[in-house]
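Structure first, then comments.
The values are calculated or read from the model by the stated rules, or taken from the named source; none is laboratory data. These figures come from a predicted structure and were not determined experimentally. As a convention, Cβ positions derive from the backbone with ideal geometry for all residues, glycine included, and neighbour counts pool all protein chains shown. Remember, those area values only see protein heavy atoms, side chains included, never the ligands or the DNA or RNA. Shrake-Rupley method; radii C 1.70, N 1.55, O 1.52, S 1.80 Å.
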Amino acid sequence: MKKTVLLWAALVLGVAYGQYTLPPLPYPPDALEPVLSAETVETHHGKHVQAYVDNLNRLVLGTLFAAQSVEYISRFADGAIYNNGAQIYNHTLYFDVLASENEAKHTPTGALAAAIDRDFGSWSDFKKEFVRSANSLFGSGWTWLSVDPGGKLVIGSYRNAGNPLKKGHFPLLGVDVWEHAYYIDYRNRKADYLDALWRIVDWKVIESRYENR
Ligand code: MN
């Protein structure tokens with residue numbers, strides 16, 4: 001009985017077209033300069049992410065995924081609904097964990113720092129492993145730091161819209177390694193983008209995700 005009610009609630013709510021909206025940037029588009037230009041951030045957020053939002057609004061109509069969160073879609077959907085829903089989840093996290101170079105907390109402390117030492121050996125070993133993983137991803141995709149179901153921190157790279165939610169992980173940091181994330185500022189120099197990105201990753205946000213997971 002309860003399941004039936006929930007199913008109908010999902011179907012009725014799902015017909016409200018336009019339920020997904022572009023998550024606002026938590027800072028002005030030029031806040032990440034010089035690491036990421038305003039042009040990169042505006043194009044990435046305003047064009048690419050907006051397109052995923054528009055696509056998902058169209059794709060979920062009349063499906064059981066209508067009215068579901070993008071986290072739910074990342075866990076349970078496949079195909080085009082997965083691709084667009086996961087991309088909204090991924091980009092929301094990506095833009096949330098970045099901050100202006102002056103405001104970002106540049107290294108983790110506390111429980112997260114201890115877990116990084118425990119699972120990767122050291123802070124510098126963690127960064128090396130993360131960059132190695134991102135550089136070795138062939139084609140478009142994402143590199144993640146996540147907490148696995150056993151509580152261990154893991155690094156993984158996934159193709160296209162992939163994220164570790166399907167594996168039951170809790171994502172802490174997602175780095176976009178699609179060319180659209182860096183091509184305006186770095187052209188083909190993906191390694192330079194990855195190198196520079198540490199200057200604007202805000203470990204305050206990631207620590208808070210880790211502590212409240
Ligand atoms: Mn992107």
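So, in Å, what gap is there between the alpha-carbon centers of segment 35-52 and segment 171-185? So the two Cα centres are separated by 11 Å. Springs join every pair of Cα atoms under 10 Å in this Gaussian network model of the chain, and among 183, 82, 52 the largest mean-square fluctuation is at 183. Across segment 198-213, computed HN-Hα scalar couplings (Karplus, 6.51 cos²θ - 1.76 cosθ + 1.60, θ = phi - 60°) run 4, 5, 10, 7, 9, 6, 4, 5, 6, 4, 5, 4, 5, 6, 10, 5 Hz from first to last residue, x flagging Gly and Pro. In the chain, helices alone account for a calculated mean residue ellipticity at 222 nm of -14000 deg cm²/dmol, with every DSSP H run of four or more residues adding -39,500 (n - 2.57).
Computed over the chain, the convex hull of the alpha-carbon atoms projects to a mean area of 12.2 nm². Scalar couplings 3J(HN,Hα) for segment 133-142, obtained by applying the Karplus form with A = 6.51, B = -1.76, C = 1.60 to θ = phi - 60°, are 4, 5, 5, 8, 6, 8, x, 7, x, 9 Hz; x denotes Gly and Pro.
For the residue pairs 166/204; 127/190; 105/127; 47/152, the C-alpha atoms sit more than 24 angstrom apart in 166/204; 47/152.
Could you check how much of the accessible area of the chain is carbon and sulfur, as a whole percent, using a 1.4 Å probe? For the chain, the apolar C and S fraction of the accessible surface comes to 56 percent.
Of 133, 74, 122, the residue with the greatest mean-square motion in the GNM of the chain, using alpha carbon springs below 10 Å, is 122. Highest mean packing first, where packing is the average number of other Cβ atoms within 10 Å per residue, the peptides 100-109, 198-207, 54-63 line up as 198-207, 54-63, 100-109.
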